[in-house]
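> Quick one: this structure, given as structure tokens, is what I'll be asking you about.
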């Protein structure tokens, strides 16, 4: 914990920003409607969005644990082994990092980075790259399953869009890792260590017979999903509530503000008009409000997913947007909120700014690729 003087300039800057934000809402909505909408929106997000995402995470976690317990993950790793070197310039075992974060979340790569046997296969300059590699695929299964489920809700087949989003994530991750490696090679390329060969013949399993292992793996995976669901509550309730109230206006223009959930000042609608052409070129967004999704992904993909049902209710989202959302949702899955901690945990805090810059570019490439690929083939 660091110390700072009580008369620091940041205190006055914070107060100025806080007053400006409250003035924006209160002067537009009025105090009563503002606070009523604030609570109503957070409550609705908790009941109808957080618990839905948690349900998806529980089922996904159970499925992922079963794939790992019965060797499917290891087989996928073996199949991906020959791709890792030409695509990422990383050893084949790095595929385990892709798989583990895809089925869980960004921080899963930290456990692998701390595993001496795992990290021994990497050269020194390759070790920090695990952060960007893992982050690019964080919450991949949850994001993909969520959008497929949303398609089922509205009666639209979004599977092709989700597949395109996954392919585009790979493209963005390659750009992110390769770009970051430019700096890691400069700083760490001269430091060498012995690199151990991978033994593919054995894998760890739980104790007991096949049925007992099935039950234990399924329940353990489900518990992981509960942890993910609980973990996204602060992000969804705090960030999404704020974003929602910046995105939408009053439900009924004639009646004005009624204190209903999801009413707000429609700031993104106003700002989005000035960013229309950049968004149109990069992501193909037709609605200015959709800029809220990539911005929210910086801090929390769970919070960004919470925006989607409301966008769909307003008819703002098409399948091409879902492809872009899938790519950005995975690639930018909360990386601004996790990158610093992950780089610190891996022991390369001093390279954090380069990692973030590389990953920002990778996310833009992923979203742009999804837009181009989907519109070319569908």
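The values are calculated or read from the model by the stated rules, or taken from the named source; none is laboratory data. On a predicted model such as this, the values are computed, not experimentally measured, just so you know. Virtual Cβ from ideal backbone geometry, glycine too; neighbours counted across all protein chains shown.
> Among the residues of segment 154-167, which ones are in contact (Cβ under 8 Å) with a residue 60 or more places away in the chain and part of a helix (DSSP H, G or I)?
The answer is 154, 160, 161, 162, 164, 165, 166, 167.
> Give me the residue from segment 272-294 that is in a helix (DSSP H, G or I) and surrounded by fewer than 16 Cβ atoms within 10 Å (Cβ to Cβ) and, out of that set, modelled with the highest pLDDT.
281
> Related question: Residues 244, 218, 230: which one is surrounded by fewer than 13 Cβ atoms within 10 Å (Cβ to Cβ) and touching a helix residue (DSSP H, G or I) at 6+ places or on another chain (Cβ under 8 Å)?
Just a single option satisfies the conditions, and that option is 230.
> For residue 315, which of the numbered conditions (1) in contact with a helix residue (DSSP H, G or I) (Cβ under 8 Å, 6 or more places away or on another chain); (2) under 25 Å from residue 161 (Cα atoms); (3) free of Cβ contacts under 8 Å to residues at least 24 places away in the same chain fails to hold?
(1)
> Is it the case that segment 328-337 has a residue that's over 15 Å from the mean Cα position of the chain (by Cα), surrounded by 20 or more Cβ atoms within 10 Å (Cβ to Cβ) and farther than 21 Å from residue 152 by Cα?
The answer is no, given that none of the residues of segment 328-337 is over 15 Å from the mean Cα position of the chain (by Cα), surrounded by 20 or more Cβ atoms within 10 Å (Cβ to Cβ) and farther than 21 Å from residue 152 by Cα.
> Something else now. As an exercise: evaluate residue 280 against (1) in contact with a helix residue (DSSP H, G or I) (Cβ under 9 Å, 6 or more places away or on another chain); (2) farther than 26 Å from residue 130 by Cβ and give the number of the one condition it does not meet.
The one condition residue 280 does not meet is (1).
> For segment 321-371, which residues satisfy the criterion of being outside any helix (DSSP H, G or I) and on the phi < 0 side of the Ramachandran plot?
332, 333, 348
> Additional query: Please go through segment 322-337 and pick out each residue that is without any contact (Cβ under 8 Å) to a residue 60 or more places away in the chain and under 16 Å from residue 167 (Cβ atoms).
328 - this is the single residue of segment 322-337 that is without any contact (Cβ under 8 Å) to a residue 60 or more places away in the chain and under 16 Å from residue 167 (Cβ atoms).
> Restricting attention to segment 1-22, which residues are in a loop (DSSP other than H, G, I, E, B), out of contact with any helix residue (DSSP H, G or I) (no Cβ under 9 Å at 6 or more places or on another chain) and closer than 26 Å to residue 242 by Cβ?
Of everything in segment 1-22, just one residue is in a loop (DSSP other than H, G, I, E, B), out of contact with any helix residue (DSSP H, G or I) (no Cβ under 9 Å at 6 or more places or on another chain) and closer than 26 Å to residue 242 by Cβ, namely 8.
> Quick one: what pairs do we get from segment 1-25, first residue free of Cβ contacts under 8 Å to residues at least 60 places away in the same chain, second exposed (fewer than 10 other Cβ atoms within 10 Å of the Cβ) and part of a helix (DSSP H, G or I), C-beta under 8 Å, 6+ apart or different chains?
4/10
This table checks each residue for (1) part of a helix (DSSP H, G or I); (2) modelled with pLDDT under 90; (3) under 19 Å from residue 72 (Cβ atoms).
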position	(1), (2), (3)
169	yes, no, no
193	no, yes, no
207	no, yes, no
214	yes, no, yes
224	yes, yes, yes
